[in-house]
Amino acid sequence: MVPEERKLFDNGSHQNILLEDYGHGEMVQANVHFIVDSGQGIVLDPGGHKVFKHLLSEIGGLIGVDNLKYIFLSHQDPDIVAAINGWLMTTKATALCPNLWTRFIPHFGVDRLVIHRIKGIGDRGTIIKLGNSELYILPAHFMHAPGNLQIYDPTSKILYSGDLGASLGQDYIYAPSFEEHVKYMEGFHKRYIPTSKVLKTWVKMARQLDIEIIAPQHGAIMKGKDMVNKFFDWLENLECGIDIMEDVYQIPQEHFEG
C-alpha cells in the first residue's frame, strides 16, 4: 500500500509514485521515482546496492518484477547506476541511458550476459512507449553531467528533473513555498551546474511543456505551476559553476593535513 503522500499522480491506469527512501547514513539522499501505465513500469535512477533489494521488493509488490519494462539512468553517477547489474540480472527490463555513458556504466560490474540490454539514447532525446502512454526523454546535458537526460510525463504533467532542482538538508517531501525552499537548492546548483548559459538554454525548452510538478532526484518535490515558474525564473538568473569560481584556479599553497 503506497502512502498517499508518495502518490504524485493516479488516474486508475497511470500512476506516478515516489518509492520509499531506503538510503540512509553517509550516502547523499536520493529519490527513486516509479511510473506505471496499464501495468507496465519504469523505475528512474534506482541507485546503489544498499537500496536495491528493498526497491526490487517494493516494485515486485506493486506490479511484479516481470512487468518492469524500463530502467532509466539519467547519467552515470553511482547514486543512479551502481546496482544496475542486479536490476538487469533479476528483471527483464531494458536500461536506457545517455549514449555518452554506455561504455562507462559497464565498469559498475555489468555481466556480459545482460550488457546488451543497456541501450543508449542520443543527445536530442526520444519518445518511449509505456503501456498506453508516452514519455518524453529530454536533453539536459551539463546539468550536471555532460551526458544527462530527464523524463517528462505528459499524462501526469510531471517533469523528472534529475539533479536539476535538487535540494539538500530539508525535512519535507513537498516544498512548502519556493521562497522557503530555495535556500536548500542554492548551494548545490551553484557548485554542480557548470555555467549559467546551460540553465537559460534549458529553461527555454522547459517553458514549452505543461508542467504541474518538478520531481528531482534529490530532495523535495515542487508542486504547482506558480512554483514551477518561480523555479524557472530563478534558474534563468542564477550564476553558477565557472561563472563564479575563476578565483579557485590557483596553484595550492597549503599542505594536506590528513
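Every read-out reported here was derived from the displayed coordinates using simple, explicitly stated rules and does not represent laboratory data. Predicted model, so just to flag it, every value in this text is computed and none were measured. Quick reminder, even Gly has a Cβ in these numbers, built from the backbone with ideal geometry, and neighbours come from all protein chains shown.
What to note about this one:
- Listed values for region 138-152 are Karplus-derived 3J(HN,Hα) couplings in whole Hz (6.51 cos²θ - 1.76 cosθ + 1.60, θ = phi - 60°), namely 9, x, 9, 5, 6, 10, 9, 6, x, x, 8, 10, 10, 10, 10, and x replaces Gly and Pro.
- Dividing the summed helix terms, -39500 (n - 2.57) for each DSSP H run of n ≥ 4, by the number of residues in the chain produces a 222 nm estimate of -7500 deg cm²/dmol to the nearest 500.
- Once backbone amide H atoms are built at 1.01 Å from N, Thr94 has Tyr70, Ile71 as its partners under 5 Å, excluding neighbours fewer than 5 places away on the same chain.
- Here the residues Thr126, Thr102, Thr91, ranked from fewest to most Cβ neighbours within 10 Å of their Cβ, fall in the order Thr126, Thr102, Thr91.
- Stokes-Einstein D for region 1-75, Kirkwood Rh over Cα pairs, 25 °C, 0.890 mPa s (µm²/s): 193
- Near the amide H of Ala220, within less than 5 Å, lie the amide hydrogens of Ser167, all on another chain or at least 5 residues away, with H placed in the peptide plane.
- Dipole of region 4-245, positive direction: furthest Cα of Thr90, Pro106, Gly219, with charges on the beta-carbon: Pro106
- Taking all Cα pairs closer than 8 Å and separated by 6 or more residues, the relative contact order of region 1-144 comes to 17 percent.
- Gyration tensor (alpha-carbon) shape descriptor, region 1-134, a/c threshold 1.5: oblate
- For the chain, share of DSSP beta bridges that run antiparallel, in % to the nearest 5: 65
- Nonlocal amide H pairs with Leu209, under 5 Å, H built at 1.01 Å: none
- With 25 Å as the limit, the listed pairs Lys53/Lys92; Lys92/Lys223; Lys53/Lys190 have Lys92/Lys223; Lys53/Lys190 beyond it between alpha carbons.
- Cβ crowding within 10 Å, taken as a proxy for footprinting-reagent exposure, orders Trp87, Trp234 from fewest neighbours to most as Trp234, Trp87.
- Size-normalised alpha-carbon gyration radius of region 4-245, reference 2.2 N^0.38 Å: 0.95
- Considering only region 1-127, percent of DSSP beta bridges that pair antiparallel, nearest 5: 55
- Relative to one another, the C-alpha centroids of region 163-177 and region 94-156 are positioned 24 Å apart.
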